[in-house]
1. For the stretch 379-400, which positions are farther than 28 Å from Asn224 by Cα and within 12 Å of the ligand (Cβ to nearest atom)?
2. Within the set of pairs 6 or more residues apart or between chains, which connect a residue that is farther than 18 Å from Glu76 by Cβ inside the stretch 27-48 to a residue that is of a type in the set (Asp, Glu) and in a loop (DSSP other than H, G, I, E, B) with Cβ atoms less than 7 Å apart?
3. Only one of (1) surrounded by fewer than 20 Cβ atoms within 10 Å (Cβ to Cβ); (2) under 26 Å from Gly530 (Cβ atoms); (3) at pLDDT 95 or above fails for Glu346. Which number is that?
4. Just a yes or no: is a residue in the stretch 396-411 assigned to a loop (DSSP other than H, G, I, E, B) and within 28 Å of Asp513 (Cα to Cα)?
5. Can you run down the residue pairs with Cβ atoms below 6 Å, 6 or more apart or on separate chains, where the first is in the stretch 310-334 and within 18 Å of Pro536 (Cβ to Cβ) and the partner is among the aromatic types (Phe, Trp, Tyr)?
6. Evaluate the stretch 52-69: report whether one residue or more is outside any loop (DSSP other than H, G, I, E, B) and out of contact with any helix residue (DSSP H, G or I) (no Cβ under 9 Å at 6 or more places or on another chain).
7. So how many residues does the stretch 255-298 have that are of a type in the set (Phe, Trp, Tyr) and not in a strand (DSSP E or B)?
8. Report every pair of residues separated by at least 6 positions or lying on different chains whose Cβ atoms are under 9 Å apart, first residue within the stretch 547-560 and without any contact (Cβ under 8 Å) to a residue 60 or more places away in the chain and in a loop (DSSP other than H, G, I, E, B), second among the polar types (S, T, N, Q) and more than 10 Å from the ligand (Cβ to nearest atom).
Amino acid sequence: MANIIYHEKARIFHLYNDKISYLIYVMENGHLGQLYCGKRIHDREDFPYLVEYSQRPTTSYLYSDRDFSLSHMKQEYPVYGSTDYRQPALEIKLENGSRISDFCYVFHSIQPGKPKLEGLPATYTESDEEAVTLCVTLYDQIAKARLKLLYTIFDSEAAIARSAKIENDGNRELHLLRAMSFNLDLPDKDYIWMQFSGSWSRERYIKERVLEPGITAVGSVKGNSSHDQNPFVVLKRPYTTEETGEAFGFSLIYSGNHLMQAEVDSHDVTRVTVGIHPFGFDWKLAAGEAFQTPEAVMVYSDGGLNAMSQTFHRLYGKRLARGYWRDRPRPILLNNWEATYLDFDEPKLMKIAQQAKNCGVELFVLDDGWFMGRNDFDCGLGDWYPNPDKLPNGISSLAEKIEEMGMRFGLWFEPEMLNPDSELYRAHPDWIICTPDRHVSHGRHQYVLDFSRKEVVDYIYDRMSEILSSAPISYIKWDMNRSITECYSAALPPDRQGEVFHRYILGVYDLYDRLTKAFPEVLFESCASGGGRFDPGILYYAPQAWTSDCTDAVERLKIQYGTSMCYPISSMGAHVSAVPNDQVFRNTPLHTRANVAFFGAFGYELDLNTLTEDELVEVRGQIDFMKKYRNILQYGTFYRLKSPFEGNITVWMSVSQDKKQAIVGWYRVLNGANQPYSRVRLQGLDPDLLYRNNLDGKQHYGDELMNLGLVTTDIMSGEAPQDGSACTDFESRLYILEA
Ligand code: DGJ
């Protein structure tokens, strides 16, 4: 049960549930201070020993008694320039050019449940019993500005959601130069920082470094959350493993420019700050206007990284993702992209679809290339009308034929883009993001539509909704294949150009919001050249995302392992593709490709007609398997057991809610001769249940499997099959354990 207690005398707020305590207080200068964040502790009237006043050389003090300096105060939403020299959460420029702020406590309210954040994705509750929210209002008398800090503690999760709102209450203009979502000053620096970094086709690789005094930060200034750095970081103790130890996960529910930062100061306090990247950010607050930051979520775990991830999975899977598909097993799809690229016509698609249907696929997805002029990457984007050369009978006729076949139909869009060679660009050259008098750069021959403008979003909404209304379309793949350059909007005045990046993302959210409301049963899958916008902001609208353009099973081990640190398995699009693989040209066995993709929103990314009869039999078996077990695979409790970043073997598993079934995925990249004995200690089973292992038919208690381990020793013996089919490298197995 979550609760928030206010101790009036000490002016302390204690936010707690069964798992965590979060203690904040009103400091003597009226600002909000941080006392404690971590495992649940007893409530007390006061915690005076936690505020360590002391005189320190070369410190600047606020008052004459020489012991209150913001430099030495752990704070909740700090500002720079009045004795604190660390990076702030907030920076406001006043009309006179000054940048000092002084937000002091005025009042607070505590309410059951969680209020909505207008225009922004955020976690939500389905009943008021699920969470409690504290809103602390602070005021700066000189700036005439109001600051509202929102804290929600969830009933059953070790998680706190935070955001801030700044209102201009005066009659002079203010400029927000920095408005972060979250700040936490932790009392020591003994952490390993984990970030999730990469590039196209190798997204969310786990990278670690030891925190040291100074700033450790990742972020994006590309306009999208990016392949390069995810808006998610972890601070874990040096002794923390997947199974044990403390970890804090920090996640920003946002899809644009972000900054995830830890600053260790001169006295080993670690300041974690999370929010919209302040680089280039300048939001004008005219009299009466308000700015709402995105929401950030912090998860605490004292049960290792798996427990942290499981909290994110539950929270983001059930209280961030929404709608018809949130809890439903995801349809097994076949996407034609790697099968045809742009080179297709209706008969070719029908042939691919028919074979997919024969194998049991449920959803046929037509990717890029179906619209006017789209025969190459340099034309067509923006002209969302069916290409008569490829589809003479239009989208509706194709979609109906697919439906008649017994599958659902899905369609690709890239709503935010246009090619210079398009009717839309010729009609509205001013609709793109570009800076006056400057060269316009492109990415993949495309420009970015100015989604900060309502008329642009309206136009794209009309085009998409017309197509969606005209045909039985059950799924949309929403792609986004380039970042923003020369950021500037022709529709905004000079003193609002620092708002364009954020307004752009608000436009993206607005379009998602309108489409998901108008077509509530359509399954949206987001994509950005693979995983370039795999973030919690988009997850609010699209419950699944194309994890990466890299479909090679070996590469996918790292990508899916890293992604699982924050994101639910049901959200990760994962497909079996052809060999040699299109990205790394590797030949992996068909079963390994499927064994990796099963842990995700499963599908195929190839023309099944190119497979042999034996392979087709195998594919049918895979689809039957997925239909039988997808509930556990996509919605079970997921445990990472052995990391692909640490060795040749990867193991992960999913356990059903009732613990009666579990599926263990075991993957080995390279084979070796005369392999050592090996066992893997499983997790999450019922110690007292007897599980039957499908591979050898033997039975073991849960406590054996979790303590002695599952024996995975692999002995190559005997003679290699004469047909050359012996699989050595890139081997994998699924162990199905049933009680
Ligand atoms: C990038 C995506 O990640 C691919 O899956 C595919 O949809 C292409 N774009 C189409 O252009």
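1. None - no residue of the stretch 379-400 is farther than 28 Å from Asn224 by Cα and within 12 Å of the ligand (Cβ to nearest atom), so the list stays empty.
2. Within 7 Å, the pairs are Lys39/Asp302; Arg40/Asp18.
3. All conditions are met except number (2).
4. Scanning the stretch 396-411, I find at least one residue that is assigned to a loop (DSSP other than H, G, I, E, B) and within 28 Å of Asp513 (Cα to Cα), so the answer is yes.
5. Between residues of the stretch 310-334 that are within 18 Å of Pro536 (Cβ to Cβ) and residues that are among the aromatic types (Phe, Trp, Tyr), the close pairs are Arg319/Tyr124; Leu320/Tyr540.
6. Step one: list which residues in the stretch 52-69 are outside any loop (DSSP other than H, G, I, E, B), which gives none.
For the stretch 52-69, residues outside any loop (DSSP other than H, G, I, E, B) and out of contact with any helix residue (DSSP H, G or I) (no Cβ under 9 Å at 6 or more places or on another chain): absent.
7. 2
8. Asp552/Ser577; Asp552/Asn581; Asp552/Gln583; Asp552/Thr588
The values are calculated or read from the model by the stated rules, or taken from the named source; none is laboratory data. Remember, it's a predicted structure, so these values are computed and weren't measured experimentally. Positions of Cβ are backbone-derived with ideal geometry, glycine not excepted, and every protein chain shown enters the neighbour counts.
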